[in-house]
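Asker: Have a look at this one.
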Ligand SMILES: C[S@@+](CC[C@H](N)C(=O)[O-])C[C@H]1O[C@@H](n2cnc3c(N)ncnc32)[C@H](O)[C@@H]1O
């Protein structure tokens, strides 16, 4: 095996630089809705692209990456051979290179409050890759638990909760710190659900009071891509202690979490998407991402809970679904 700094493969720095620019172009194209438009219409005219040199530059980069190709009229764009893959992975690019851009820029100068617009971009991007890669497996795990009332802790824009509760025909409660996320969730519920009953709570989950009437009857809780926000271990244990007081009927907590890679450092740049960016971004925010082993030992030493099942998800890389049951 290669020692650190002595890898047998070599980076082409020119390509790395150009791909860095492509990352931003891809994220911006997603945020401008160009992927969705292409997917809906099959072709993008100059008018669809909109005004300005920058959009043309973005389209040129997508052409160079074979995400787009020129239409037969040589003026419009159609999907290129790489379009499908870019369409399904675009959320990762938007989350890191657009939504989190200010964090990376400000990491060394001190963080300002994240702009609410960026919160929107991030919420939409994580929901996009969640839909493409996580939700099918997660819904099956939830279905097997026969929930009657679902709780989503750190529900973000609420899209997963609305989809799952509607699919399973159960009522649901979403909790999130972010007022913006809860606003988006409320609007989504009005648009998409006709049968399930929803409650949205804007709060830190750790600040909810014992026997909160809004959580009465909740028997299955989800916590996706946010358990690391409750790290360190002692804080996470306090949360696990508190959860049955807040929601006394709870019997299952399903945690989906991207864990720290344990790859040999020399192989780190060969890790799957988004490991390298995920760990880099969280360290820029001074946030530690625990390893799978750290999560398993934390759960193992938590009184009142036992790990009933753990499943790996291939994308996002290093992601584990951990099903905890109350003992
Ligand atoms: C990475 S996002 C994940 C959103 C969604 N669960 C998903 O999988 O797409 C993490 C969410 O957790 C929320 N969050 C973080 N800490 C929280 C806390 N202590 N209480 C409630 N929500 C929290 C954030 O506001 C954010 O919306």
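Any read-out appearing in this document is the output of simple, stated calculations on the displayed coordinates, not a laboratory observation. Worth saying up front: this structure is predicted, and the values here are computed from it rather than measured. Ideal geometry is used to build each Cβ from the backbone, glycine not excepted, and the neighbour counts take in all protein chains shown.
Asker: Taking only Cα atoms, what is the 0 to 90° angle, nearest 10, from helix 83-93's long axis to the longest principal axis of the chain?
Answerer: Helix 83-93 sits at roughly 60 degrees to that axis.
Asker: Also, quick follow-up: For the range 134-326, what value does the Rg/Rh ratio take when both radii are computed over Cα atoms and Rh is the Kirkwood radius, given to two decimals? Before the final figure, lay out each step's value.
Answerer: Numbers: Rg = 16.5 Å, Rh = 17.2 Å.
Taking Rh as the inverse mean 1/r over Cα pairs, Rg/Rh reads 0.96.
Asker: Would you calculate a helix-derived [θ] at 222 nm for the chain, using -39,500 (n - 2.57) for each DSSP H run of n ≥ 4 and dividing by the full residue count, to the nearest 500? Provide the component values of the computation, followed by the final result.
Answerer: Numbers: 13 runs with 145 residues, N = 327.
About -13500 deg cm²/dmol.
Asker: Angle check, please: helix 179-192 long axis (alpha carbons) against the longest principal axis of the chain (alpha carbons), in degrees 0 to 90, nearest 10.
Answerer: Once rounded, the angle reads 90 degrees.
Asker: Using only the alpha carbons of the chain, what is the convex hull's orientation-averaged projected area in square nanometres? Write out the running numbers ahead of the final one.
Answerer: Working: hull surface 76.5 nm².
In nm², the orientation-averaged hull projection of the chain is 19.1.
Asker: Fewest to most neighbouring Cβ within 10 Å: what's the order for 254, 67? Before the final figure, lay out the partial values.
Answerer: Numbers: 254 22, 67 27.
The most exposed by this proxy come first: 254, 67.
Asker: Could you give the alpha-carbon Rg of the range 13-122 over 2.2 N^0.38 Å, rounded to two decimals?
Answerer: Working: Rg = 14.9 Å, N = 110, 2.2 N^0.38 = 13.1 Å.
Working it through for the range 13-122, the quotient is 1.13.
Asker: Within the range 134-326, what percent of beta bridges assigned by DSSP are antiparallel, to the nearest 5? Please list the in-between numbers first.
Answerer: Details: 15 of 34 bridges.
Counting only bridges with both partners in the range 134-326, antiparallel ones make up about 45 percent.
Asker: Then there is this: In which sequence would 163, 270 go, from the one with the fewest C-beta neighbours within 10 Å to the one with the most?
Answerer: Working: 163 18, 270 12.
In order of increasing Cβ crowding within 10 Å: 270, 163.
Asker: Taking the chain as the reference, fit the longest principal axis to its C-alpha atoms, fit the long axis of helix 13-31 to the helix C-alpha atoms, and give the angle between the two in degrees, 0 to 90, nearest 10.
Answerer: Here the helix axis deviates by roughly 70 degrees.
Asker: Can you give the FRET efficiency to the nearest 0.05 for residue 296 and residue 14, using r as the Cβ-Cβ distance and R₀ = 51 Å?
Answerer: On the way: r = 42 Å, r/R0 = 0.83.
That gives a FRET efficiency of 0.75.
Asker: Continuing with the same structure: Sorting 95, 9, 231 on the 10 Å Cβ count, fewest up front, what's the list? Show your work: numbers first, answer last.
Answerer: Values: 95 24, 9 8, 231 16.
Fewest to most other Cβ atoms nearby, the residues stand as 9, 231, 95.
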